[in-house]
Amino acid sequence: MERRERVLHIFCTGRQLSSIASLLIDNAAFGLAHPHLVIGDVGCTVAWGFSLKTVPGMVDPIDARWKGLPERLLPLLEALPGVAPQPISTERRLAYTLDGEAIDWQRLVALEAHGVDCLVSDNRYLDVLPAGVNKGSTLLTLLQWLEIDPERVVTAGDTLNDLAMFETGLAGVMVGNAEQALREKVSCLPRTYRARAEGCAGIVEGLRHFGFGHLLDDFPGFPL
């Protein structure tokens, strides 16, 4: 927290805003602070970190892309074997759990002709997103809006829905406990550092690799 005046912290997650709010409340005792900004819903929502109110200038273009798509896609998804709606309330995307053995992959891919991207992560989650909208595209748009030099940005992730961030060309950290599908995809991305440590320790390792270790030197729990 001592570095908040020097570091912009952005959550980039598949969670919806209500889930992020619960996470922040549940983990406040462990020192988890509100980020400055949130990219939620796998890139389909942008909100202020403290209020969790959406940023209209960022979400309005995504709303425009999403208009009319649920009405066309919901009947098709209901008839698709191997998927079941997640019990969450989402905006600008549709969220499902997935049975990899039961699903008809050809029918799933065919849905993208309707103007969406179908993103599978952790081999069990399916997100149906407006075409071209993902964590990476929204992050780049946000950085441009904020007029932040991309060379000063480091991303981090562990599942396949983080791949779009790594594909932006921004410095990226894949933590040591990342899913195997992501490991295979990032092998050809030169700006993605494959950390040995897991979770937050892996992010710290990656920050040091990219030359931002000085921001962590005040914290003795982080190894040099």
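Quick look at the values:
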{"quantity": "Surface per residue (accessible, 1.4 Å probe) for the range 161-210, Å²", "calculated": "47 Å²"}
{"quantity": "Set of lysines with alpha-carbon distance to LYS67 below 22 Å, sequence-local pairs under 8 removed", "calculated": "LYS53, LYS135"}
{"quantity": "The range 2-99, relative contact order in percent, only Cα pairs under 8 angstrom and at least six apart counted", "calculated": "22 percent"}
{"quantity": "DSSP bridge orientation in the chain - percent antiparallel, rounded to nearest 5", "calculated": "65 percent"}
{"quantity": "Global form of the range 32-142, assessed from the alpha-carbon gyration tensor, a/c cut-off 1.5", "calculated": "prolate"}
{"quantity": "Spin-label proximity, ASP122 to the range 58-86 - amide N less than 14 Å from point 7 Å beyond Cα toward beta carbon", "calculated": "86"}
{"quantity": "Whole-percent carbon and sulfur share, accessible surface of the range 120-224, 1.4 Å", "calculated": "53 percent"}
{"quantity": "Whether the chain is rounded, prolate or oblate, judged on the alpha carbon gyration tensor where a/c under 1.5 counts as rounded", "calculated": "prolate"}
{"quantity": "Shape of the range 53-114, Cα gyration tensor, a/c cut at 1.5", "calculated": "prolate"}
{"quantity": "The range 108-173 - percent relative contact order, Cα under 8 Å, separation 6 or more", "calculated": "29 percent"}
{"quantity": "Whichever aspartates and glutamates have a C-alpha closer than 19 Å to that of LYS185, once near sequence neighbours (fewer than 8 apart) are set aside", "calculated": "ASP117, ASP122, ASP127, ASP158, ASP162, GLU167, GLU198"}
{"quantity": "Fraction of beta bridges assigned by DSSP in the range 1-83 that are antiparallel (%, nearest 5)", "calculated": "60 percent"}
{"quantity": "Extension reserve of the THR159-ARG183 stretch, reckoned as 0.36 nm per residue once the Cα distance is removed", "calculated": "7.8 nm"}
{"quantity": "The range 184-207-the range 48-101 distance, computed between alpha-carbon centres (Å)", "calculated": "29 Å"}
{"quantity": "Computed over the chain: relative contact order in percent, which uses C-alpha pairs under 8 Å that are six or more apart", "calculated": "12 percent"}
{"quantity": "Peptide ranges 196-204, 74-82 listed from the most packed, as the mean C-beta count within 10 angstrom indicates", "calculated": "196-204, 74-82"}
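The values are calculated or read from the model by the stated rules, or taken from the named source; none is laboratory data. Every value quoted in this text rests on a predicted model; they were computed, and no experiment measured them. Positions of Cβ are backbone-derived with ideal geometry, glycine not excepted, and every protein chain shown enters the neighbour counts. Heads up: the accessible areas ignore ligands, DNA and RNA and are worked out on the full protein's heavy atoms, side chains in. Shrake-Rupley method; radii C 1.70, N 1.55, O 1.52, S 1.80 Å.
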